[in-house]
Amino acid sequence: MWFKKQNIINEDEILNAVTKLKEGSAEAFKILYDVYGQKVYRYCLRLLSDPDLANDCFQETFVKVYENRQSFKGISFPAWLFRIAHNTCMSSLRNKKNTEEIQDIYFVNDNFGNDDFALKREIRNAIDKLPKALKEAILLREYEDLSYNEIAEVLSIDVSLAKVRVFRARVQLKSLLKPLIKELNESWFVNIEVHWRWINFYRRRATTQSSEQ
């Protein structure tokens with residue numbers, strides 16, 4: 001899946017495009033597709049771990065966005081968009097006769113080098129062990145950078161429950177990855193925080209942990 005290089009679009013232009021989309025503007029739809037298309041495809045791919053299925057769900061998502069544009073009445077277009085993508089992916093999985101466990105969801109920085117392949121694999125394995133509800137929440141929070149209010153809207157849950165799911169996902173991942181971090185420290189003699197910063201979900205730990213507990 002290839003996407004055209006995105007021009008810089010400010011928040012006002014996005015809000016204006018959302019308004020124009022409800023009026024049926026093809027140009028507004030194109031603007032929103034250019035802004036969010038790659039993120040939606042990436043979300044579908046990480047949720048489904050199947051490029052062909054992800055591409056189908058990605059395209060279906062934007063068809064639904066245009067067809068149901070009049071139904072958007074919220075204040076967060078990204079939350080509405082990702083809710084459509086999420087429901088489309090879940091529906092696709094339910095309709096698959098031999099549905100396999102969702103796998104290959106990870107949120108390691110995409111700029112990792114080849115030397116970090118083992119670390120990425122271990123993190124993927126750890127995330128695969130999370131309950132589905134926790135995976136969905138942490139993926140939206142850390143990969144798509146949605147707020148807790150937006151996560152709640154996407155998953156149709158209370159904001160408090162969204163915070164709980166993200167917090168529990170972080171706690172479980174920290175526990176699952178503890179042996180790996182210990183091994184890295186013993187072999188490379190470096191501080192543990194150097195390794196934890198490689199994992200995106202800790203970038204907000206200092207500012208959000210107290211509010212999530």
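When we screen Leu184, Leu177, Leu173 for residues that are under 24 Å from Leu45 (Cβ atoms), in a helix (DSSP H, G or I), modelled with pLDDT under 85 and touching a helix residue (DSSP H, G or I) at 6+ places or on another chain (Cβ under 9 Å), the only hit is Leu177. Taking segment 115-157, which residues are among the acidic types (Asp, Glu) and closer than 16 Å to Ser76 by Cα? Of everything in segment 115-157, those that are among the acidic types (Asp, Glu) and closer than 16 Å to Ser76 by Cα turn out to be Glu144, Asp145, Glu150, Glu153.
The values are calculated or read from the model by the stated rules, or taken from the named source; none is laboratory data. Just so it is clear, the model here is predicted, and its values are computed rather than measured. With ideal geometry, Cβ positions are generated from the backbone for all residues, glycine too; neighbour counts draw on all protein chains shown.
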